[in-house]
Structures are given as C-alpha cells and as structure tokens.
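The values are calculated or read from the model by the stated rules, or taken from the named source; none is laboratory data. Keep in mind that this is a model prediction, so the values were computed, not measured. With ideal geometry, Cβ positions are generated from the backbone for all residues, glycine too; neighbour counts draw on all protein chains shown.
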Amino acid sequence: MKQAQQHRRSVMRAVVGLAMGALIPMGAAQAADKVKVGLMLPATGTYAALGSAITNGFKLYVEEQGGKLAGAEIEYAAVDDESDPSKATENANRLVVRDRVDALVGTVHSGVALAMARVAKSRDTLFIVPNAGADDLTGSLCSPNLFRTSFTNWQPAYAMGKAAIERGHKTAVTLTWNYAAGQEAVKGFNQAFTEGGGKVLKDLALPFPNVEFQSYLTEIAALKPDAVYVFFAGGGAAKFVRDYAGAGLKASVPLYSSGFLTDGTLEAMGGAGEGLITALHYADGLEVPRDKTFRTAYAAKFGTQPDVYAVQGYDAAQLLHAGLKAVGGDVKKKAEMRKAMREASIDSPRGAFTLSAAHNPVQDIYLRKAEGKVNKVTGIAAKALADPATGCKM
Ligand code: PHB
C-alpha cells in the first residue's frame, strides 16, 4: 500500500515536471525573454532636447519591431545625467550595478560618456554611445563591449576644416566650450585647416555650459580672421548664433561649425542661423529611401521632424537588434553578439554605414546650408570618413 502510494506520487511529480517543462523551456530560451536597456541621457540643462530626441529615436525603432528585438522584450530603466561629469560614475553605477541592465545606452556629453565607459568596462556590460564624440571612446579606451552609432568629435570637424580651405579661407579663429568635445573638434578643424595651408590665429574657449559670449565676440572682431569655427550645441548654440549676428559679425566673418550648431536649434535662432554652412553625418533632404520612411514615422509619432540625435538613437536600437538577431535574443551570449554588431551594416536614415575595427561609424560627412528650418544637404565634405582611432588596441 505504502509502496503504491509512493509510486503514484513519483508518477505525479514526473507528469507535473514534464508539463512545466513544456511551459517553461529551459536554458537559453528562458534567458532570452527580456533585455533591460539603461538609458542614461540628459533630461535637463543645455543638452536636454538632444537627450529626448535620442530616446525618441531609440524607442521608435523598438516599437516598430513590436516592442521586441529578436524575440526579446525590451525593458527600460532611465537616469537624467544632467550632462554633469561629476555625477556620471554614480549615475552609471545605478544602471549597471543596481539595475543590472544588459545594455547601457548614452550619452550626449563626452565627459559623462568617458566615465560611463569605465563603469561599463568594469562589469563587461554592453555600452552603446548614441552621441558623445570623445575621440578616446573609440581610440585609447576602445573596448570589445563599447560601440558607437554617432561620430568622433574629429570626424565632422576635420571635414569642416577641409571645406573651409576649399572655400578659399586663409586665416581662422576658433571658439568652443572648454571640454573634451570642443577641444577635440577644434583640434580636428585646425588639423585640416593647417594641412591645407591655412593659419589659425587664436583658439578661444569658455567653460561649459556658459553662454556669456560678448567678450569673445569682441576679440574675434579685433582679430579680423577670414573665418570663425565653433563647437556649440543645444540651447547654448542657439544663443551663440543669435549673439554672433547681434554683434554684427555674421555679415563680415563667415561662421562654420560641426553641424551640431544648427541641428534641432534653427527655430530657436529665429532667423539668425539662415545661410550657415556646417558639416555633419546627417542632413535634411537626403536622397536616402530609409530616411524618408524614418522621417514620416518620426513626425507622425512625435509631431516634429527628427534631427541627427534622433537618427543616432534609432541606429543604436538597430545595432542592438543586429547583435540580438545573431543570438536568438539571448543577450548572455556576449561574444557572438558583439561579433555580429562589429560586422553589422546599419541601414541608417543618414545612409548605410559599417563600423570600423574600433567600433565607430565609417561614414560620409555632408556639407549643409541652413535654409529656414532645415539644414539642406549641398554636397559631401568627406566620403566614407574613418576616424584614425589613435591608440586603439582591441
Ligand atoms: C559631446 O560632448 O561629445 C557632444 C555634445 C553635443 C553634441 C555633440 C557632441 O551635439
């Protein structure tokens, strides 16, 4: 009797076990259920609008796939990094250590991104940079876990320097916020400008995110260069361009910049940006079919036209998808996933691009002209431009 009872119990256990097994498959498929993405971006400060465009772009792509990438449901955790490098390590730790995200995505500000890279590397967490251009991220700090869907600060700046020479300018003054992005942009512009026989009269800089430009404009007027090159973005860029025109310089000294100056900011410039020539890896009016569908979907969802930041966010999600596709959504298969990401061709609204060995886009840099509310493409300043990736040993 006792034996028969035991037998019945063990048969029951086996049946229940089998049934559960059928409901919850073991191993890899179980792990593939969810992928947690940590969005660390600015929601406040001079770069707030840039952070929101990146978020919109990323989420738009995921929604277009039905909220899942390669069968894995995408969950989000988010932190406002305030573009403040002094809070960056703590903020990144909140996502990487506390929330245990599978992928860290961010940010706009180069100084913040450099701190994020260290945290992500210490935990071997996948890190996708959808804006910050710090050259070192895909240079001396390049790493198997780190990918970028945007640019290096060198790329558009170098292309702009070349174009300034081609436009016949012989002398220039530069002005920027004094942190990695501005310093590296100025270095890239100056390299191309001097290689082309130009002379840089003076490099001027003010602390980020200050917008008291008056004394610098007075100095530029006194130096009388053929051209001015600046790096500014977001709210500060709009203020700078209004002040440049207000000081009467727009009519006398041509102003050039990496295209961040005029992306997403032309409306706030209230006409002061009209005619500005910039160089960037995105532009309005591209003959790229993928761009047309992207812009239609973005405008329908958010009621505004996308800018370069929205594109970089969209492409960050595309790159994550490329990795997840190779592993059937199993984010734990890190090596295979990263290999697929490294080898991916991203069908970007900017035009298709691939990644360099250092994991940075190899891409065309467009010349653009501000017309009304758009940065109209006028040509290509540099074709398939790859960053030199100085110091990268993968
Ligand atoms: C940067 O800090 O790397 C940065 C910020 C804003 C931009 C571009 C680059 O628009």
**Request:** Quick one: which residue in F353, F294 is of a type in the set (F, W, Y), at pLDDT 95 or above and surrounded by fewer than 21 Cβ atoms within 10 Å (Cβ to Cβ)?
**Result:** F353
**Asked** What do you reckon, is Y256 in a loop (DSSP other than H, G, I, E, B), crowded, with 22+ Cβ neighbours inside 10 Å and hydroxyl-bearing (S, T, Y)?
**Response** no
**Complete:** E73 fails exactly one of (1) away from the ligand (no atom under 16 Å from the Cβ); (2) in a strand (DSSP E or B); (3) under 13 Å from the mean Cα position of the chain (by Cα), namely (3)
**So R368, is it touching a residue at least 24 places away in the same chain (Cβ under 8 Å) and in contact with a strand residue (DSSP E or B) (Cβ under 6 Å, 6 or more places away or on another chain)** = yes
**Asked** Quick check: is even one residue across the range 359-372 surrounded by fewer than 17 Cβ atoms within 10 Å (Cβ to Cβ) and within 21 Å of T293 (Cα to Cα)?
**Response** no
**Prompt:** Out of all the residues in the range 282-290, is one or more under 24 Å from T171 (Cβ atoms), at pLDDT 95 or above and touching a helix residue (DSSP H, G or I) at 6+ places or on another chain (Cβ under 6 Å)?
**Reply:** no
**Request:** Filter the range 148-177 down to the residues that are of a type in the set (G, A, S) and within 23 Å of P225 (Cα to Cα), then identify the one that is nearest to the ligand (Cβ to nearest atom).
**Result:** A157
**Item:** the range 98-145: number of residues that are out of contact with any helix residue (DSSP H, G or I) (no Cβ under 7 Å at 6 or more places or on another chain) and not in a loop (DSSP other than H, G, I, E, B)
**Value:** 6
**Message:** I'd like the full set of residues that are away from the ligand (no atom under 15 Å from the Cβ) and in contact (Cβ under 8 Å) with a residue 40 or more places away in the chain, limited to the range 197-218.
**Reply:** Y216
**Asked** Any idea which residue in the range 376-389 is farthest from G133 (Cα to Cα), counting only those that are loosely packed, with under 14 Cβ neighbours inside 10 Å and more than 19 Å from the chain's Cα centre (by Cα)?
**Response** G379
**Request:** Scan the range 110-147 residue by residue and report those that are closer than 21 Å to K333 by Cα, among the β-branched types (V, I, T) and either in contact with a Pro (Cβ under 9 Å, 6 or more places away or on another chain) or more than 16 Å from the ligand (Cβ to nearest atom) (or both).
**Result:** V119, T125
**Request:** Kindly provide the set of residues from the range 260-298 that are without any contact (Cβ under 8 Å) to a residue 60 or more places away in the chain and outside any helix (DSSP H, G or I), ordered by number.
**Result:** T265, G270, G271, A272, E287
**Prompt:** Taking the condition more than 19 Å from the chain's Cα centre (by Cα) and over 24 Å from R350 (Cα atoms), does G285 pass?
**Reply:** no
**Subset of the range 219-250 [within 17 Å of G270 (Cβ to Cβ), without any contact (Cβ under 8 Å) to a residue 60 or more places away in the chain and among the small types (G, A, S)]** = A237, A238, A245, G246, A247, G248
**Message:** Condition first: surrounded by fewer than 24 Cβ atoms within 10 Å (Cβ to Cβ) and not polar (S, T, N, Q). Now tell me which residues in the range 143-154 satisfy that.
**Reply:** P144
**Asked** If A389 passes every condition in (1) among the hydrophobic types (A, V, I, L, M, F, W, C); (2) within 20 Å of S143 (Cα to Cα); (3) in a helix (DSSP H, G or I) but one, which one does it miss?
**Response** (3)
**Asked** Which one of N190, N145 is farther than 21 Å from P361 by Cβ and at pLDDT 95 or above?
**Response** N190
